[in-house]
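Worksheet: one structure, shown below.
Taken together, the values in this text are just the output of simple stated rules run on the coordinates, not laboratory data. Quick caveat, the model's predicted, so the values are computed rather than measured. Heads up, the Cβs are rebuilt from the backbone with ideal geometry, glycines too, and the neighbour counts pull from every protein chain shown.
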Amino acid sequence: MNKERYKVFRAVEARKLTGFLDGLFRHTPRDHYIVKIVSKHIPNEELWALLEKYRSKIEWYVKEKSLVFVIDDYDDPDTIPEWLSVAPSELEASDIIDFEQIERDLGF
């Protein structure tokens with residue numbers, strides 16, 4: 001995917017994620033976003049709970065555009081909530097964005 005088609009926010013600390021997401025969701029979706037979260041010293045369950053508070057906004061956003069989180073380390077991929085797009089790298093996140101856009105274009 002061409003990087004001009006999405007924006008990357010690098011190294012958002014998990015503990016600062018609330019303020020970041022509040023700012024992001026103030027606007028109508030215009031771009032695809034990859035958000036790289038630095039989750040050191042925060043248990044995955046705590047991170048998922050934090051993102052759960054934004055679930056409706058995240059789901060609203062991905063109806064129009066893609067929002068993929070790249071998390072530097074997570075313990076068990078099976079614990080990732082189904083409604084959340086998480087990738088281990090920026091390259092894989094861009095692939096997810098491509099696939100989601102194809103699905104939108106085809107009406108899925």
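Amide H contacts of S85: F69, each under 5 Å away and 5 or more positions distant or on a separate chain (H built 1.01 Å from N in the peptide plane; Pro and chain starts excluded). The alpha carbon centroids of the range 89-108 and the range 41-85 are separated by 17 Å. Amide H contacts of E13 (H built 1.01 Å from N, in plane; Pro and chain starts excluded): V38 sit under 5 Å, all sequence-distant by 5 or more or on other chains. For the chain, the longest principal axis of the alpha carbon atoms and the long axis of helix 55-64 meet at an angle near 20°. Proximity of backbone amide H atoms, modeled 1.01 Å from N, is registered between I42 and no other residue at under 5 Å, excluding neighbours fewer than 5 places apart on the same chain. In sequence order, the range 42-49 has phi-based couplings of 9, x, 4, 4, 5, 5, 4, 4 Hz under the Karplus curve 6.51 cos²θ - 1.76 cosθ + 1.60, θ = phi - 60°, and Gly or Pro positions carry x.
Under 4 °C and 1.567 mPa s, how fast does the chain diffuse according to Stokes-Einstein, given a Kirkwood radius computed over C-alpha pairs? Answer in µm²/s, whole number.
Here the translational diffusion coefficient equals 92 µm²/s.
Placing unit charges on each Cβ (+1 for Lys and Arg, -1 for Asp and Glu) gives the range 1-105 a dipole about its Cα centre, and among Y61, L24, L51 the Cα reaching farthest toward its positive end belongs to L24.
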